[in-house]
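Below is one structure, written out as structure tokens; the observations come after it.
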Amino acid sequence: MITTRPSLIPACFVSAALLSPSYGGAQPAEPIVYTLRFPAPQSHYVEVEAVVPTGRRPSLEMMMPVWTPGSYLVREFARHVESFAARLADGTDLVVDKTRKNRWRVATRGAASVVVTYRVYCREMGVRTNWVEDRFAILNGAPTFITIADDRGPRPHEVRLDLPTAWHTSFTSLDSAPGGRPHHYVSPDYDTLVDSPIVAGNQTGYAFEVAGKRHLLVNEGEAGIWDGPRSARDVERLVRTAERFWGGLPYPRYVFLNLITESGGGLEHKDSTLMMTSRWRTSTRKDYVGWLGLVSHEYFHAWNVKRLRPVELGPFDYENEVYTENLWIAEGFTDYYGDLLLRRSGLSTREEYLDDLSRLIQQLQTTPGRRSQPASLSSFDAWIRQYRPDENSPNVAISYYTKGGVIAFLLDATIRRRTGGTRSLDDVMRLAFERYGGEHGYSTDQFRATASEVAGTDLGSWFEHAVDSTNELDYTEALDWFGLRFKPGEARTDRGWLGAETTAQGECVVITSVRRGTPAYDAGLDADDEVVAIDGFRVRPEQLEQRWQAYRPGQQVELLVARRGAITRIKAVLGAEPVNGWRVEVRPGATSEQLKNLRDWLWEE
């Protein structure tokens, strides 16, 4: 039960200072001090001025990251930088050479510090990038802050925001600088700066406290449509459930940055998360539960990946890819627990949770790429596949989110069965966090050994089958333990099925993807083919479903197809549309013991 109601932060609130302890103590190095200005925010630019200590080196190499942690793709942030220049404090211009795509060398003339200036174009609405307009700004660290390349040891980085007169608030998980100046923040090192997005404008904040820790939900764009108080109450409820799960909260304070911008996605940070959504998502039950699932997923990352991480994910090399085979744990397990903790908090029903689990399993089991790519390789190949899908991706790859979530479900059930219900994956996560939640992270062998220890039996071969191979997963024992089953379905024999995914482009039917094992794939149809006619009769997008109803499985059809402007005829033998055999439901006649296992899993009384 909620005992602390969120309190509304008034519009005049100008920083996240109420969440931040004072910054102090001995400094390991002189800070880099950034001033961010928005003289014409409608032009989508932020102007950056940085006072950079040089240590009196004759030249200074400056660097901007090419990627941001949590999103494994080289995004080339420097492409948005322009007008990079440097000068001395007295205004004397300095020579600057571009040495790499994301590096600049400044000739310092032996000065103790230099002033670096540049502009960043910010018009990419996403949780990994920047957006600046006349109403607000979203600034992520990696695409904003250029720092000293190959700097030795931790160096503080200060950020001062010079906001337009119409803007009154700024929010971040960074510490407020001493002295109480509004919109002035400090970071102990560059890693923390990159890991602390900033939102400025006129946002609405809702504060609450759990386990003595301050939390803040920040909504940009409520517009009288988004239900702010309701969302804050439910976010607090999620936090309390997570605190119960882990046995404590690992951060000094936490900020949920919720950008209601008609976009989507979320990105985890150590003491905050940046999320995007639609203003209408509090209007329907399904959409709202979906948003809460996003919050739950990103918040679970405060433990799993930001603190309990694969050993490869830190310290970060911001200029090169960082490979790990364990994103199926970092993201897949988070997917699993994001939905599960939503149910355990009472914010979703049992039926809604089983629907989410069903979709996860169905997505995996209907992706042909599961037979080509194991979960460990899916993780390793994130840099070239996860964020660059094409029409053939479902045939050759699987998502480490999806398969990792299914593996978590099966592993949880396996541990519960082998320990007679006395231990679970929950215990694995807590023990792993206790052992490896510090600076060094865990290796593949360490995490699997921890799971085996909790299970009281060697799970090595289990992991090899589920994670390192493309063998089909076995759901029998997991479903049996919880008293579940896959709901029986009947094959559709009343209509033919081609199996190609299509879209309407004006009056044209265009194929977007062809999966292996479908009649379309066997016939040689391809993505970007335009289906002009079926058996000599023109077909338009709104007619396609009706046309298939005139055929039965096993019938042959002749498709008139335009491929790169050339007309060709392709014959295909239609099949029967596959049954969705992956809908999870409580088994009729489940035993009292099975139902108890189900209640224990879902934290139901």
Identify the single condition in (1) modelled with pLDDT of 95 or more; (2) under 30 Å from Trp383 (Cβ atoms) that Asp90 does not satisfy, given that it satisfies every other one.
(2)
Residues in the range 541-551 that are within 16 Å of Glu501 (Cα to Cα) and surrounded by 14 or more Cβ atoms within 10 Å (Cβ to Cβ): how many?
4
Taking the criterion of being over 30 Å from Thr414 (Cα atoms) and touching a helix residue (DSSP H, G or I) at 6+ places or on another chain (Cβ under 7 Å), would at least one residue in the range 575-595 satisfy it?
yes
Which residues, taken from the range 167-198, are hydroxyl-bearing (Ser, Thr, Tyr) and either in a strand (DSSP E or B) or without any contact (Cβ under 8 Å) to a residue 60 or more places away in the chain (or both)?
Thr169, Ser170, Ser176, Tyr185, Ser187, Tyr190
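The rows are residues; the columns are (1) part of a loop (DSSP other than H, G, I, E, B); (2) within 25 Å of Gln362 (Cβ to Cβ); (3) touching a residue at least 12 places away in the same chain (Cβ under 8 Å).
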{"position": "Gly554", "(1), (2), (3)": "yes, no, yes"}
{"position": "Val561", "(1), (2), (3)": "no, no, yes"}
{"position": "Ile567", "(1), (2), (3)": "no, no, yes"}
{"position": "Lys571", "(1), (2), (3)": "no, no, yes"}
{"position": "Val579", "(1), (2), (3)": "yes, yes, yes"}
{"position": "Trp582", "(1), (2), (3)": "yes, yes, yes"}
{"position": "Gln594", "(1), (2), (3)": "no, yes, yes"}
Per the filter on the range 565-601, residues hydrophobic (A, V, I, L, M, F, W, C), out of contact with any strand residue (DSSP E or B) (no Cβ under 9 Å at 6 or more places or on another chain) and surrounded by fewer than 17 Cβ atoms within 10 Å (Cβ to Cβ) are Ala566, Val579
Test for Ile198: is it surrounded by 18 or more Cβ atoms within 10 Å (Cβ to Cβ), under 19 Å from Pro39 (Cβ atoms) and in the same structural domain as Val46 (by TED's automatic domain parsing):
yes
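Conditions tested, residue by residue: (1) surrounded by 14 or more Cβ atoms within 10 Å (Cβ to Cβ); (2) among the aromatic types (Phe, Trp, Tyr).
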{"site": "Gln446", "(1), (2)": "yes, no"}
{"site": "Phe482", "(1), (2)": "yes, yes"}
{"site": "Phe537", "(1), (2)": "no, yes"}
{"site": "Leu559", "(1), (2)": "yes, no"}
Verdict on Trp291 being more than 15 Å from Phe433 (Cβ to Cβ), in the same structural domain as Val127 (by TED's automatic domain parsing) and not in a strand (DSSP E or B):
no
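Rundown of residues vs (1) in contact with a Pro (Cβ under 7 Å, 6 or more places away or on another chain); (2) under 30 Å from Arg435 (Cα atoms); (3) part of a strand (DSSP E or B), yes/no style:
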residue	(1), (2), (3)
Ala200	no, no, yes
Arg214	no, yes, yes
Ala232	yes, no, no
Gly266	no, yes, yes
Reported set for the range 205-233 where residues are more than 22 Å from Cys122 (Cβ to Cβ) and among the polar types (S, T, N, Q) is Ser231
Kindly indicate whether any position in the range 245-258 is over 24 Å from Thr334 (Cα atoms) and surrounded by fewer than 17 Cβ atoms within 10 Å (Cβ to Cβ).
no
Tell me whether the range 234-252 contains one or more residues that are more than 27 Å from Arg430 (Cβ to Cβ) and either modelled with pLDDT under 95 or in contact with a Leu (Cβ under 8 Å, 6 or more places away or on another chain) (or both).
no
Report yes if some residue within the range 364-381 is modelled with pLDDT of 95 or more, aromatic (Phe, Trp, Tyr), touching a Ser or Thr at 6+ places or on another chain (Cβ under 8 Å) and surrounded by fewer than 23 Cβ atoms within 10 Å (Cβ to Cβ); otherwise report no.
yes
Might you let me know whether the range 391-398 holds any residue that is under 25 Å from Phe447 (Cβ atoms) and not β-branched (Val, Ile, Thr)?
yes
For the range 554-573, does any single residue satisfy the condition of being within 27 Å of Phe486 (Cβ to Cβ) and out of contact with any Pro (no Cβ under 9 Å at 6 or more places or on another chain)?
yes
Name the residues in the range 327-350 that are touching a helix residue (DSSP H, G or I) at 6+ places or on another chain (Cβ under 6 Å) and over 17 Å from Asp412 (Cβ atoms), would you?
Leu327, Ser345, Leu347, Ser348
Taking the range 507-524, which residues are surrounded by fewer than 18 Cβ atoms within 10 Å (Cβ to Cβ), within 33 Å of the chain's Cα centre (by Cα) and part of a loop (DSSP other than H, G, I, E, B)?
Arg516, Gly517
If Asp287 passes every condition in (1) of a type in the set (D, E, K, R); (2) within 24 Å of Asp335 (Cβ to Cβ); (3) more than 20 Å from the chain's Cα centre (by Cα) but one, which one does it miss?
(3)
Unmet requirement for Gly91, which otherwise passes all of (1) out of contact with any Pro (no Cβ under 7 Å at 6 or more places or on another chain); (2) part of a loop (DSSP other than H, G, I, E, B); (3) touching a residue at least 40 places away in the same chain (Cβ under 8 Å); (4) not β-branched (Val, Ile, Thr)
(3)
If we scan the range 523-544, do we find a residue that is over 30 Å from Arg343 (Cα atoms) and in contact with a helix residue (DSSP H, G or I) (Cβ under 7 Å, 6 or more places away or on another chain)?
yes
Test set (1) part of a helix (DSSP H, G or I); (2) aliphatic (A, V, I, L, M); (3) farther than 27 Å from Val396 by Cα - Ala533 fails condition number:
(1)
Considering every residue within the range 130-152, establish whether at least one is free of Cβ contacts under 8 Å to residues at least 24 places away in the same chain, under 21 Å from Pro315 (Cα atoms), in the same structural domain as Glu243 (by TED's automatic domain parsing) and surrounded by fewer than 23 Cβ atoms within 10 Å (Cβ to Cβ).
yes
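The values are calculated or read from the model by the stated rules, or taken from the named source; none is laboratory data. No experiment lies behind these values; they were computed from the predicted model shown. Cβ: placed from backbone, ideal geometry, glycine included. Neighbour counts: every protein chain shown.
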